[in-house]
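These notes are about the structure you will find just below.
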Amino acid sequence: MANDRTLTYYAQNAEAFFAATVDKPMEEAYRRFLPLVRSGGAILDAGCGSGRDSRRFLEAGFEVTAFDASAEMARLAEAYLGRKVHTMHFMEVPWQAAFDGLWASASLLHLPFEELPPALERLAAALRPGAPFYASFKYGNGSWEKEGRFFTALNEARARALLQEVDALTLESEWNSPDNRPDRGGELWYNMLLRRR
């Protein structure tokens, strides 16, 4: 499975990935997402990576629950945050209507396109009605593997095709943004802000 190969990549490169991403905040996405979350509310960071975004949310006064499919990344994020980070896959998320916001930055993109609808439905079930759901993908139309990691890209048309299969979520807004890592010049990201019905 692509997911197994991706997890092997993170097991072998966790510390390098942590160092490359922990100081690259997502200010535009924060500005769009956080005002939609109830003040002091609970946010689920789904595929938290380094824990960078969880830390930003904690500093802003939100309650945060974080998880990552990679045990190695979860361990590093836990040390960085000073709090428990769960190790689980998207389809293992157990919560029901427990969160006021969900954040999935560059995490769902590791699933094959056909696995995205059930994953989105599972994550949406963890949200309270009307709560925001942020997700980001590499911009494009297709899937590929690079250096051991599997990627699914989205663009506007592909996102609409995807969301036709997801009853629980509606599209609130979408935008493109450049990759903010210096070695990724020219790469674009597709961002979408969804709402739980």
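The values are calculated or read from the model by the stated rules, or taken from the named source; none is laboratory data. Just so it is clear, the model here is predicted, and its values are computed rather than measured. Cβ atoms come from the backbone with ideal geometry, glycine included; neighbour counts cover every protein chain shown.
The table below lists the values:
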| quantity | calculated |
| --- | --- |
| Unique match (being surrounded by 21 or more Cβ atoms within 10 Å (Cβ to Cβ) and assigned to a helix (DSSP H, G or I)) among D53, D4 | D53 |
| Single match in R32, R83 (criterion: in contact (Cβ under 8 Å) with a residue 60 or more places away in the chain, among the basic types (K, R) and either surrounded by fewer than 19 Cβ atoms within 10 Å (Cβ to Cβ) or outside any helix (DSSP H, G or I) (or both)) | R32 |
| Hits in region 32-48 - residues which are touching a helix residue (DSSP H, G or I) at 6+ places or on another chain (Cβ under 6 Å) and over 14 Å from F133 (Cβ atoms) | C48 |
| Lone qualifier among A20, A77, A11 - being touching an Asp or Glu at 6+ places or on another chain (Cβ under 7 Å) and modelled with pLDDT under 95 | A11 |
| Region 95-125, subset of a type in the set (G, A, S) and over 14 Å from the mean Cα position of the chain (by Cα), residue nearest to L193 (Cα to Cα) | A125 |
| Count of residues meeting criterion [of a type outside the set (G, A, S) and in contact with a Gly (Cβ under 7 Å, 6 or more places away or on another chain)] in region 86-107 | 1 |
| Residue within region 174-181 that is at pLDDT below 95, over 17 Å from R32 (Cβ atoms) and either surrounded by 18 or more Cβ atoms within 10 Å (Cβ to Cβ) or of a type outside the set (V, I, T) (or both) present | yes |
| Scan of region 1-37 for residues that are touching a Phe, Trp or Tyr at 6+ places or on another chain (Cβ under 9 Å) and not aliphatic (A, V, I, L, M), ordered by number | N3, R5, T6, Y9, Y10, F17, F18, E28, Y30, R32, F33 |
| Tally, over region 86-106, of residues that are assigned to a loop (DSSP other than H, G, I, E, B) and either over 19 Å from R128 (Cα atoms) or touching an Asp or Glu at 6+ places or on another chain (Cβ under 9 Å) (or both) | 5 |
